[in-house]
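Please read the structure below before turning to the comments.
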């Protein structure tokens, strides 16, 4: 049975490990979103990720490992800041980009870096330890579409995945923050679950991305494509959803806001709580069959940076 949901008990983990060691893929939960995992040392297995997701090969993958020692083993050099950040935030929703060890194949487009993290989820850590493998794992969904925060989301988006470990809903609900540590100053490549304020407390100044990375160009991190995280429905960002002229919009129309509006998917006005339910809300609106989703623009503050990033890419044509 394809797309099979399996409990993450001893038998479920045994089956998952067998599939991974046979150079195939397994979907599993993390604290951010569900990942589609494969042995990072197997070009065949990593190729299966790209095939199932219909993901362009210039878009790299994050490698998930069980602990800091496993991360260091994948790096040619391990900067002092990497050790400090890992000690503070791992396991957790932070990905570090460092120079890639020569024995690790390039994950995606050929480059000399690797993006690595230790997830903060019991099922993910149990799978990593049981398999003894570093797992390359992007979100377990079709490329450009909404990331999955439940096992059911995975099966609907990728019905051909051999096995999905069902660990319930993801707690953070949005992808990890990605920091590039290969330069003199850490650079933000993808805003995510961890905010810049807490990261600066450890890393000091953090540079922001210089410019948009064009599609088709190799990059050191996922999440940098112009269009990403998108539902089937068209996403329209607006300052006030009640003032939008809807006459030219395809219907039915759904509304996503953080302030009360009649007939709306109302999410929390707290940025972390909003982020935790954002993808699930977009899935609900897609499942309801809406053709257009009007989204109230989030505040222009740093705390909302990751949410604005996801919504901006979801709305890109």
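The values are calculated or read from the model by the stated rules, or taken from the named source; none is laboratory data. Note that this is a predicted model, so its numbers are computed, not measured. Using ideal geometry, Cβ is built from the backbone for each residue, glycine included, and neighbour counts are taken over all protein chains shown.
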If you scan segment 67-85, which residues turn out to be in a helix (DSSP H, G or I) and closer than 27 Å to residue 49 by Cα?
68, 69, 70, 71, 72
Test each condition in (1) at positive phi; (2) at pLDDT 70 or above for residue 199 and report the one that comes out false.
(1)
Looking across segment 102-137 at residues that are modelled with pLDDT of 95 or more and part of a loop (DSSP other than H, G, I, E, B), the single one that is surrounded by the fewest Cβ atoms within 10 Å (Cβ to Cβ) is 132
Subset of segment 160-183 [within 24 Å of residue 203 (Cα to Cα) and outside any loop (DSSP other than H, G, I, E, B)]
177, 178, 179, 180
Set 86, 66: member being closer than 27 Å to residue 149 by Cβ, surrounded by 20 or more Cβ atoms within 10 Å (Cβ to Cβ), in contact (Cβ under 8 Å) with a residue 40 or more places away in the chain and in contact with a helix residue (DSSP H, G or I) (Cβ under 7 Å, 6 or more places away or on another chain)
66
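Table: residues versus (1) buried (at least 21 other Cβ atoms within 10 Å of the Cβ); (2) at pLDDT 95 or above; (3) in a helix (DSSP H, G or I).
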{"site": "251", "(1), (2), (3)": "no, no, no"}
{"site": "255", "(1), (2), (3)": "yes, no, no"}
{"site": "260", "(1), (2), (3)": "no, no, no"}
{"site": "263", "(1), (2), (3)": "no, no, no"}
{"site": "269", "(1), (2), (3)": "no, no, no"}
{"site": "310", "(1), (2), (3)": "yes, no, yes"}
{"site": "313", "(1), (2), (3)": "no, no, yes"}
May I ask you to say which residue of 124, 87 is assigned by TED's automatic domain parsing to the domain that holds residue 187 and under 24 Å from residue 229 (Cα atoms)?
124
Just to be sure before I move on: is residue 247 surrounded by 21 or more Cβ atoms within 10 Å (Cβ to Cβ), part of a loop (DSSP other than H, G, I, E, B), at pLDDT below 95 and not assigned by TED's automatic domain parsing to the domain that holds residue 33 in the structure I sent?
no
Which of the following residues is at pLDDT 90 or above and in contact with a helix residue (DSSP H, G or I) (Cβ under 7 Å, 6 or more places away or on another chain): 282, 278?
278
Which is more than 20 Å from residue 146 (Cα to Cα), assigned by TED's automatic domain parsing to the domain that holds residue 12 and touching a strand residue (DSSP E or B) at 6+ places or on another chain (Cβ under 8 Å), of 36, 96, 52?
96
Restricting to segment 153-170, give me the number of residues that are surrounded by fewer than 18 Cβ atoms within 10 Å (Cβ to Cβ) and modelled with pLDDT of 95 or more.
2
Looking at segment 285-294, can you tell me whether even one residue there is in a strand (DSSP E or B) and in contact with a helix residue (DSSP H, G or I) (Cβ under 6 Å, 6 or more places away or on another chain)?
yes
The strands (runs of 3 or more DSSP E) lying wholly within segment 1-57 that contain at least 1 residues that are at pLDDT below 95 are 4-6
